[in-house]
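Contents: one structure, followed by commentary.
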Amino acid sequence: MVKNKTRAAYIQQIEELDGLVSRLGEVVVAAVRATGHALGEADEAAARGVVEGRGSADRLHRSVEDSCMGLMLLQQPLAGDLRLVTASFRMESDLARIEEMAVDIAQLAPDVIGKRVPPTITGDLAMLSAQVATMVESAVDAFSRSDADAATAVFPLDNGVDASFGKIRAMIVDNLRSDDSFADVAAELLMIAKYYERMGDHAQQVADWAIFRTTGLYRGRPMGEDSLDQADWSAR
């Protein structure tokens, strides 16, 4: 009877961890989308909402970390459950980086809103935000469903993010050359675009952890092999 209760409690902890990761993903995706809305619609309230929501996101991050540590130290999970715990702990770090960059963008947004920024640039930044949010959302969903094929489909999406980043960077440089008054916000706009591009890289890593959870393979090989080098990753 005690054994059955212990097993039930263990299963509940595993399910709670899965739920926490999904919820964290939702919060991070919402923050990324809100930054795009703030820039595209000149909505400072949306930017403030991202900054003010950081406390709730931080609590979720800590809950995921605490759940992973509790399972590792007290339950000693095996096989698929161990992969879930390991992948959850690692992907939480990537989601944390994405959320931190979203907050940084939200803090930069008021410096951009209301300035002489061509609407084509802010509009393209909003579209870039949507591209990144889709990547993160798809990667987290693939993780939650243990769907390696769906996770693999996330990687090609980064090509679109990189292309959009390159386009926006070129637009900013061109406008800077033709309009001196644009100089006071050019650096902020470049930084925002770069943040989104980096978010795409972290979304790919979340997809990697989704594949690991499902297959036990990390970037195509059993985790821990010395051959997991940067060349393999950059060749994707």
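Read-outs: derived from the displayed coordinates by stated rules, not from any lab. Computed from a prediction, not measured in an experiment: that's the story for all the values here. Note that each Cβ is placed from the backbone with ideal geometry, even for glycine, and that neighbours are counted across all protein chains shown.
If you fit an axis through the alpha-carbon atoms of helix 54-70 and take the longest principal axis of the Cα set of the chain, what angle between them do you get, 0 to 90°, nearest 10?
30 degrees
Compare 165, 182, 143 in a GNM of the chain, Cα atoms joined below 10 Å, and give the one with the largest fluctuation.
182
Taking the Cα atoms only, what angle lies between the long axis of helix 183-215 and the longest principal axis of the chain, rounded to 10 degrees?
So the helix axis and the longest Cα principal axis differ by about 20 degrees.
Among 178, 88, 56, whose mean-square fluctuation peaks in a Gaussian network model of the chain (Cα, cutoff 10 Å)?
178
Residue separation times 0.36 nm, minus the C-alpha to C-alpha distance between residue 173 and residue 16: what's the value? Show your work: numbers first, answer last.
Working: separation 157, 0.36 × 157 = 56.52 nm, distance 4.77 nm.
Residue separation times 0.36 nm, minus the Cα-Cα distance, leaves 51.8 nm.
Among 56, 38, 24, which residue has its Cα furthest toward the positive end of the charge dipole of the range 24-91, with +1 on Lys/Arg Cβ and -1 on Asp/Glu Cβ?
In the range 24-91, that residue is 24.
Please name which of 220, 127, 146 has its Cα lying farthest along the dipole of the chain towards the positive end, using unit charges on Cβ (Lys, Arg +1; Asp, Glu -1) and the Cα centre as origin.
146
What size of dipole, in debye to the nearest 20, comes out for the range 2-223 about its Cα centre when the only charges are +1 on Lys and Arg C-beta atoms and -1 on Asp and Glu C-beta atoms? Each step should come with its number before you reach the end.
On the way: 23 positive and 33 negative charges, 161 e Å.
Magnitude of the dipole: close to 780 debye.
Kindly put 136, 173 in sequence by how many other C-beta atoms sit within 10 Å of each C-beta, fewest to most.
On the way: 136 29, 173 11.
The fewest-first ordering by Cβ neighbours comes to 173, 136.
With unit charges on the beta carbons (Lys and Arg positive, Asp and Glu negative) and the dipole taken about the Cα centre of the range 2-223, which residue among 98, 207, 191 sits farthest to the positive side?
207
Calculate the all-directions average of the projected area of the range 2-223's alpha-carbon convex hull, and give it in nm². Kindly include the intermediate steps, with their values, before the conclusion.
Working: hull surface 49.9 nm².
That works out to 12.5 nm².
Determine the dipole magnitude for the range 138-186: charges of +1 sit on the beta-carbon of Lys and Arg, -1 on that of Asp and Glu, nothing else is charged, the reference point is the Cα centre, and the result goes in debye to the nearest 20.
On the way: 4 positive and 9 negative charges, 13 e Å.
I would put it at about 60 debye.
Quick one: helix 2-40 against the long Cα principal axis of the chain, what's the angle to the nearest 10°, folded into 0 to 90?
Result, in degrees: 10.
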